[in-house]
1. So, in the stretch 28-46, how many residues would count as being farther than 18 Å from residue 14 by Cα, assigned to a helix (DSSP H, G or I) and over 11 Å from the mean Cα position of the chain (by Cα)?
2. If you check residue 13 against the conditions, is it exposed (fewer than 10 other Cβ atoms within 10 Å of the Cβ) and either at pLDDT 90 or above or outside any helix (DSSP H, G or I) (or both)?
3. Show the residue pairs that are 6+ apart or on different chains and have beta-carbon atoms under 6 Å apart, the first residue being within the stretch 42-64 and at positive phi and without any contact (Cβ under 8 Å) to a residue 40 or more places away in the chain, the second being outside any helix (DSSP H, G or I) and surrounded by 10 or more Cβ atoms within 10 Å (Cβ to Cβ).
4. Could you grab me the full set of residues in the stretch 16-46 that are exposed (fewer than 11 other Cβ atoms within 10 Å of the Cβ) and either over 24 Å from residue 66 (Cα atoms) or touching a helix residue (DSSP H, G or I) at 6+ places or on another chain (Cβ under 8 Å) (or both)?
């Protein structure tokens, strides 16, 4: 249903370059690429800040927490 191969072909060099930068720096968490992503995502969305998450579940949990919802245990 969704074929991303054509889109990937147009940005493959850019993706490969960034992945190589991250691997060379070995800053897999909170490195400069993550900060740049957060800034660009916030600007794209018209938000003051952006926070990168490790998963969609983390993103939902943080979003709900920021609205005052508490997890039930």
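1. 3
2. Judged against the criteria, residue 13 is a match.
3. As it stands, the answer is none, since no pair meets every condition given.
4. Of everything in the stretch 16-46, those that are exposed (fewer than 11 other Cβ atoms within 10 Å of the Cβ) and either over 24 Å from residue 66 (Cα atoms) or touching a helix residue (DSSP H, G or I) at 6+ places or on another chain (Cβ under 8 Å) (or both) turn out to be 16, 17, 20, 23, 24, 26, 28.
The values are calculated or read from the model by the stated rules, or taken from the named source; none is laboratory data. As the structure is a prediction and not an experimental result, all values here were calculated from the model. When we count neighbours, we look across all protein chains shown, and the Cβ atoms used for this are built from the backbone with ideal geometry, even at glycine.
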